[in-house]
Amino acid sequence: MGRDDGAGRQVTVGAADDSATPILHIDMDAFFASVELLERPDLRGKPVIIGHRDGRSVVTSATYEARKFGVGAAMPVSKALRLCPHAIVVPPNYAAYSHFSREVMRIFSEITPLVEQLSIDEAFLDVSGARRLLGSPATIARLVRERVVTETGLTCSVGVAASKFVAKMASTRSKPDGMLVVPKEQTLAFLHPLPIRTLWGVGPATEESLRRLGLATIGDIAEVPIGALRSAVGVAGAEKLSQLARGHDPRPVETSRVEKSVGHEVTFHADITDIEQLRVELLRLSDKVAVRLRERGWVTRTVGLKLRWSDFTTLSRSHTLPEPTSVGRRLHEEAVALLDALRPLRPVRLIGIRAEQLASSGDGALLWDPDEDWREAENSVDAVRKRFGTSALAPASLLGGPRGSAGGTRTQPFSED
Amino acid sequence: MRFSVNRDVFSEAVSFAVKLLPQRTTLPILSGVLIESTPAGLTLSSFDYEVSAQTTIAADISEEGSILVSGRLLADIASRLPNAPVEFSTDDNRISVTCGSAHFTLLSMPVEEYPTIPQVSGEQGLVPAEEFATAIAQVAVAASRDDVTPVITGVQLEVTGTKISLVATDRYRVAVREIEWDGGADAPSLTALVPARTLQEVGKTFGHSGTITVSFTSKDDREIIAFSADDKTVTSLLIKGSFPPVRRLFPEQVDNYAVINTGELIESVRRVSLVLEREAALRFSFSIDGLTMEAIGSEHAQASESIDALLTGEDIVLSLKPSFLIDGLNAVRSEFVRFSFTKSENTNKPGPMLITSQSSKDQPGADSFKYLLQPNLLLR
C-alpha cells in the first residue's frame, strides 16, 4: 500500500485510445483493511488500521478514511493513533489475506495466462492475446474490476498502458476503485508533470540526489543531460531513469518470477539485548527460510543477517558457504556466527535472516555432506508438518515459553532489485 | 658487485625465479628477485613468505655482492636480450646491465629488508620426476579453487614405506595417484598438504629433471616442504588443517562397470554438451547396446549421441556434470576407461562413480590413478 490517500485521483471515464496499451497493472485497494471489512461490515466508512495496538507494531494496512489523516503503511501504530485517535485497530489475519489473494489471482489467470504476480495484492497482466476473446484492454480492465468485486466483494484499481511501469503508475493515480488508461501517444504527457518520487524504483535516497540537481518532475529527468544524472545516481541508474522518463520500459510481463533470495525477519515488542534470546529467534527464522528453500527445491550459498538497533541503524552481514545448503541447522550456525561477530550488541529492534545465491538443489551433488544427518532429519520434519500441520513439530528451544516476536514475522520474497 | 653470465642460462634462471611470484603483492619488496654473486656462482631467489624459488647458476664473478630488482621487469628484459654475454655491475643502488649494444639502468630495492629464504633440512626422499609431474597433473585438477575452504585447495601428499600418494578433492570428486618413494631405510610416514597451484608449478618445472628431492621441515610452528633438482629449489608453506578422510569413499570392489574408448567418449561429451547451460549435467544411459548421452538444454536446443560401451552388470542411468567428467577422462591417460558404478544405501543420493584406466577393452590399466565422481540426482 502506498502513502496516497486518493487525493489527486485520476480516472478514465469515457472512451480512451487503448489500441496500443496491452499491459494492465491491477492493485487491490487497501487490501488487508478491505478484507477485514468483509467480515466486519459495521466498520465500513470508518478509519480502520490493521496492526496491533500493543507494543511497537506497525501499520500493515489502513482504510482510505484513515489515510486521509496521514496514516501510512509501515508507520508505528502509536504514531498512527496520534494522527487519527478515533481509528479502530484490527489485528491482522494473514490466513484470510492469502485466501483472498489466491481468489483474485485465480480471476486474473482466467483472463490471461500472462500474469506476473508482484506481491500478495498486485499483478501485471499482458492482455495482447485476449483481445479477440474478451475485447480491448480497457474493456478487459472493466471486466476484471467487475469480476473481482462480484466474486470477492473487494475493489481494485487498474492501470492500462503500453508498458509495465506506466501501467503501475496509472493504477496508483486511479486509486481507490478506479481505472486509468494512458494511451500510448499520451505516455509522456502523463509522465512528465508527475513528481519524481512517483516513478517506480525511485526511493527517498535517489529522490534526494535528484532534488539536489534541482529536478522535481519526471519531465525534468527527461530533459537533463545524462551526464548530470550519472554523477547523481551512477551510470546504471542514470541509464534506467533516463529511459523510464522517456517512457521506455522494455520489460515483458514475466509469468514465473525468479526469486533471488529468501528471507524472514521479525520486529520485537521490546528491544532485546540477550544474545541467547536472539539465537533462539534466529533458529525460528532459519527454520522458516530452510522450509521455504526446500519447498521450492532450492539451495543457498550465502547466508545474510540483518540487524536493526533500537536507534534504527540497520546492519547487514553475509557469509558465503563452502557448499550450498537448504539445512536450517546450517543456516542457523552461520547466522549465529555472524551475530557473534557483531558483539558487543546494542539493543536489537529487528533481526532477520536471508538466503542468497540460490540454485536448484539438483545441481552439483557432493561426495560427502557434513549436514547429511540434519538434512534427513529436516526432511522428515517437513513430511510430518505436511501431514499434521506446521506446529506439529519444532526444535525444542522453540517450544513453549513467551514468544519474542511481535506483529508476526514478515515474510519477504525479495525481488531482483 | 660485478659479474658476467651466459644470456640463455640467465634468462632461464630469471624466468624460474619469478614464476611463483604473486601477481599482486602488498609489499613491493616481495615482487623483487634477489641476485647474489658468491664464489659458488650466481644465486637468484624470490620469496613471498609462502612460496620461495631459488636457483644457482654458473657465472663469471669479478666482485661479490647482492641486488634486489623487480622480478617482472627483469624477466621481460632477460627474455629479450640479444645473444651475447650479459654484464652486471653496480654503483651504489644503481644497477647497470649491458648485453651486446643494449644497455639498461635499474634501481636496486633495499636488500637488507628482504626476508631470509627458508632452508629446508628435515626428512627427505626421492621421487622420479616424470612420474611425479604426471601424478600432479592427474590429481591437482580435482583440488578446490574456492578459498572458502582452504584445506581442500591443496594436494595431500602421503608417504608410507616406499610409496607416496597424492590426493585432492573439491567435494564433488576425489583424485588419487600413488608413485614410488625412496626415503631410504626405515623411512617414516609423513603427510603434507601443499597448495595445488604451487604443486602444479613444481610439476611443470621439474618434469624433466630425472629425480626430485622432497624435504619436510617444521620450524617455529611453520611447516615447509621443499622440492629440489638441477640446482633449483621450490619451497612452500603447508596448508594447516586436516584433510578430509576421503579414502573411505572409494569402494572395495564393484561388479557393475562399463569400459569405453576414452578419446571417443571425450569427443562425444564435448559435442553433446554444447547445448547445455552452464553447470547443467548430461544424462548417461548404459545398457547392453552401449552408452547414450543426452543433453536437455534450454527450450531451444537438445542433443544426444550413442557410442560403444562394454557393460558388465545391470543397466544404469546417471547424471554427470561434463566438466568434472572431462577432467577425469583427461587425467586417466589410457586408450580405454572404466566406469565403476557403486551402490548407495541412500535412495536420495546415487552412489559415486569410479573412473580408472584400462589399457585395452578387457585389461585394467597398471597405474594406480583413481578418480571418484559424485553423480547428480536424476531429476526425472
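Scanning the range B:4-27 for residues that are over 27 Å from the mean Cα position of the chain (by Cα) and surrounded by fewer than 21 Cβ atoms within 10 Å (Cβ to Cβ) gives B:4, B:6, B:7.
Name every residue in the range A:301-316 that is within 23 Å of residue B:150 (Cα to Cα) and either modelled with pLDDT of 90 or more or touching a His at 6+ places or on another chain (Cβ under 7 Å) (or both), in order of residue number. Those that are within 23 Å of residue B:150 (Cα to Cα) and either modelled with pLDDT of 90 or more or touching a His at 6+ places or on another chain (Cβ under 7 Å) (or both): A:302, A:303, A:304.
Yes or no, residue by residue, for (1) among the charged types (D, E, K, R); (2) assigned to a helix (DSSP H, G or I); (3) open to solvent by less than 80 Å² (accessible area, probe 1.4 Å); (4) more than 18 Å from residue A:187 (Cα to Cα):
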position	(1), (2), (3), (4)
A:205	no, yes, yes, yes
A:208	yes, yes, no, yes
A:211	yes, yes, no, yes
A:215	no, no, yes, yes
A:221	no, yes, yes, no
A:230	yes, yes, no, yes
A:239	yes, yes, no, yes
A:243	no, yes, yes, no
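Number of residues in the range B:323-380 that are outside any helix (DSSP H, G or I) and within 14 Å of another protein chain (Cβ to nearest Cβ): the value is 24. Regarding the range B:59-67, can at least one residue be identified that is of a type in the set (Gly, Ala, Ser), in contact with a Phe, Trp or Tyr (Cβ under 9 Å, 6 or more places away or on another chain), in contact (Cβ under 8 Å) with a residue 24 or more places away in the chain and closer than 30 Å to residue B:239 by Cβ? Checked against the condition, which is being of a type in the set (Gly, Ala, Ser), in contact with a Phe, Trp or Tyr (Cβ under 9 Å, 6 or more places away or on another chain), in contact (Cβ under 8 Å) with a residue 24 or more places away in the chain and closer than 30 Å to residue B:239 by Cβ, the range B:59-67 yields no hits at all. Entry remark, the range B:138-157: residues being within 14 Å of another protein chain (Cβ to nearest Cβ) and more than 19 Å from residue B:327 (Cα to Cα) number 5 in total. Of the residues making up the range A:93-125, those that are in a loop (DSSP other than H, G, I, E, B) and either free of Cβ contacts under 8 Å to residues at least 60 places away in the same chain or of a type in the set (A, V, I, L, M) (or both) are A:93, A:112, A:114, A:120.
Within the option set B:92, B:60, being open to solvent by 80 Å² or more (accessible area, probe 1.4 Å), of a type outside the set (A, V, I, L, M) and under 13 Å from residue B:4 (Cα atoms) holds for one residue only, B:60. The requirement of being more than 14 Å from chain A (Cβ to nearest Cβ), surrounded by fewer than 22 Cβ atoms within 10 Å (Cβ to Cβ) and not aromatic (Phe, Trp, Tyr) is satisfied by residue B:161. Here B:143, B:84, B:137, B:53 are screened, and the one residue that is open to solvent by 20 Å² or more (accessible area, probe 1.4 Å), under 23 Å from residue B:207 (Cα atoms) and not hydroxyl-bearing (Ser, Thr, Tyr) is B:137.
Examine the range B:273-287 for a residue that is within 14 Å of another protein chain (Cβ to nearest Cβ), outside any loop (DSSP other than H, G, I, E, B) and surrounded by 17 or more Cβ atoms within 10 Å (Cβ to Cβ), and state whether such a residue exists. Yes.
Residues of the range A:70-92 that are open to solvent by 20 Å² or more (accessible area, probe 1.4 Å), in contact (Cβ under 8 Å) with a residue 24 or more places away in the chain and under 22 Å from residue A:270 (Cα atoms): A:73, A:81, A:89, A:91, A:92.
Which residue out of B:139, B:167, B:194 is at pLDDT 95 or above, under 21 Å from residue B:333 (Cβ atoms) and in a strand (DSSP E or B)? Within the list B:139, B:167, B:194, the selection yields B:167.
The values are calculated or read from the model by the stated rules, or taken from the named source; none is laboratory data. Please read all numbers here as calculations on a predicted model, not as lab measurements. No Cβ is skipped: glycine too gets one built from the backbone with ideal geometry, and neighbour counts run over all protein chains shown. Just the protein is used for accessible areas: all its heavy atoms, side chains included, with ligands, DNA and RNA removed. Shrake-Rupley method; radii C 1.70, N 1.55, O 1.52, S 1.80 Å.
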